[in-house]
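In what follows, a single structure is set out as structure tokens and then discussed.
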Amino acid sequence: GTGGYATPLTAALSTSPYAYSGSSVANISVRQYASAIDSTTALLDSASKAVVVTISGAGAVDTFASNGATRGAVATIAAAGQVSGLSQFRIFPDGRPGTATITATVNGVTVGTWSYKFVGAVASIAMNVDATPKTLIGVGDTDAIQFDGFDSAANQTPAVATLVATSGSPLIAAASAATTGVVTVTGVAEGTSVITVSVGALATATITKTFTVTVTKTTATVVALSFDKASYAPGEKMILTVSANTSTGTAVADGTRTVFTTVPTANVSLQGFPTLATTVALVGGVKAYTMYAPLLAGDVTVAGTDNAATPVAISATATVSGGDAAAALDAANEATDAANYAADAADAATTAAEEATAAANAAGDAATAAQASADAALAAVTDLGLKVTGLISALRAQITSLTNLIVKIQKKVNA
């Protein structure tokens, strides 16, 4: 065909420290195909394009055929020089530590770039950056710490198999090193000891590193609770610290230790308040918890009992004041006063209503009595009227009779 298609096949990196050597540490393979969509049919060797591999920085490159005899910064396999479309190269160390950048081109087109890091002999050692050594090692406990080696260019080397760990006070802390570069310290008795890590025997070593360990007891007998401040604003972050000491007054060793008999609780609701247990994971004899102050003013108290043979009550108290808390408290007080006034007014209204009801009932009774009196008076008047009418009728009758009598008398006189 007229085009080229290249794919890197393998690239393996040795893990040994490098010197100027004829032993290769990586392989770069480039294969050309007749079609970009056919990776099974190799391009005919006669149709293959030139492949060039360059290296910059540390290291050297050569073809498989020369196998280091002509290694340098550039290696080339000419057009039509492949075998079944395959071009192979070797990467060699040249004694310099550092990064090598390798680029492969086919017919002048870049088809792959790789980076390798050549590591020199161990020039220094240091505790691994991800290692978290214990602040306090318990009596009978161990602490495993990874140490790494570095060459003169600060490149990390493979694990230093020849590390030796020596304790300055073996009756306080024992120390040993494994071929993996792990240094193990074992607590023996309370106190401190200097641990020296060396490449090879300490007496003849030129590369060393020291660190100090503190060994303490693992049983907590004196426990305290404390807030980081005496007063907080509403919603402010609060830090509650649990401190645990041994019977000798030193901090309890790192690890999960029993510190409470009664688990501490808070007297108010605190956002973020932890779910506590009788055991606490201590570092340096302390454990800190983060929470947030309530929005209303007042005292915040966290209380429980410690892990003494006879448990002792322990507590921490802080005050929440100012800002929204004071305003909220004032508003709450004003609302309470208003509610009290409203309750008093309601009571007064109830009393007035009861008195009005009683007056209305009395008025009703009086009205009923007046109606009865009026009815009786009307009946009496009616009866009196009837009697008067009867008397008048009788009187008229008597007058009529008297008149008739007078008329008769006059008639007799005249006669």
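The values are calculated or read from the model by the stated rules, or taken from the named source; none is laboratory data. The model shown is predicted, which means the values in this text are computed figures rather than measured ones. Backbone-built Cβ (ideal geometry, glycine too); neighbour counts: all protein chains shown. Surface accessibility is based on the protein's heavy atoms, side chains included, excluding ligands, DNA and RNA. Shrake-Rupley method; radii C 1.70, N 1.55, O 1.52, S 1.80 Å.
Scanning segment 299-311 for residues that are surrounded by fewer than 16 Cβ atoms within 10 Å (Cβ to Cβ) and modelled with pLDDT under 95 gives 308, 309, 310, 311. Close contacts from segment 164-176, counting a first residue that is open to solvent by 40 Å² or more (accessible area, probe 1.4 Å) and modelled with pLDDT of 95 or more and a second that is among the β-branched types (Val, Ile, Thr) and not in a strand (DSSP E or B), with Cβ to Cβ under 7 Å and a gap of 6+ residues or different chains, come to 171/188; 174/188. Among the residues examined, residue 157 does not qualify as at pLDDT 95 or above, of a type in the set (S, T, N, Q) and open to solvent by less than 60 Å² (accessible area, probe 1.4 Å). The C-beta contact set for segment 47-66 (first residue over 20 Å from residue 85 (Cα atoms), second residue among the β-branched types (Val, Ile, Thr) and not in a strand (DSSP E or B), distance under 9 angstrom, 6+ apart or interchain) comprises 59/25. The set of residues in segment 228-268 that are hydrophobic (A, V, I, L, M, F, W, C) and open to solvent by 60 Å² or more (accessible area, probe 1.4 Å) contains only 230. Need the failing condition index for residue 184 against (1) without any contact (Cβ under 8 Å) to a residue 40 or more places away in the chain; (2) hydroxyl-bearing (Ser, Thr, Tyr); (3) surrounded by fewer than 15 Cβ atoms within 10 Å (Cβ to Cβ), just the number. All conditions pass for residue 184, except number (1). Of all residues in segment 121-134, those being modelled with pLDDT of 95 or more and under 28 Å from the mean Cα position of the chain (by Cα) number 1. Taking the conditions exactly as written (more than 22 Å from the chain's Cα centre (by Cα) and either of a type in the set (D, E, K, R) or assigned to a strand (DSSP E or B) (or both)), does residue 305 satisfy them or not? Yes.
Counting only residues that are assigned to a strand (DSSP E or B), in contact (Cβ under 8 Å) with a residue 40 or more places away in the chain and under 18 Å from residue 208 (Cβ atoms), how many does segment 144-163 have? Counting residues in segment 144-163 that are assigned to a strand (DSSP E or B), in contact (Cβ under 8 Å) with a residue 40 or more places away in the chain and under 18 Å from residue 208 (Cβ atoms) gives 3. Applying the set (1) more than 17 Å from residue 103 (Cβ to Cβ); (2) acidic (Asp, Glu); (3) modelled with pLDDT of 85 or more to residue 38 leaves exactly one unmet item: (3). Among the numbered conditions (1) of a type in the set (Ser, Thr, Tyr); (2) closer than 30 Å to residue 319 by Cβ; (3) free of Cβ contacts under 8 Å to residues at least 24 places away in the same chain, tell me where residue 269 comes up short. It is condition (3) that residue 269 fails.
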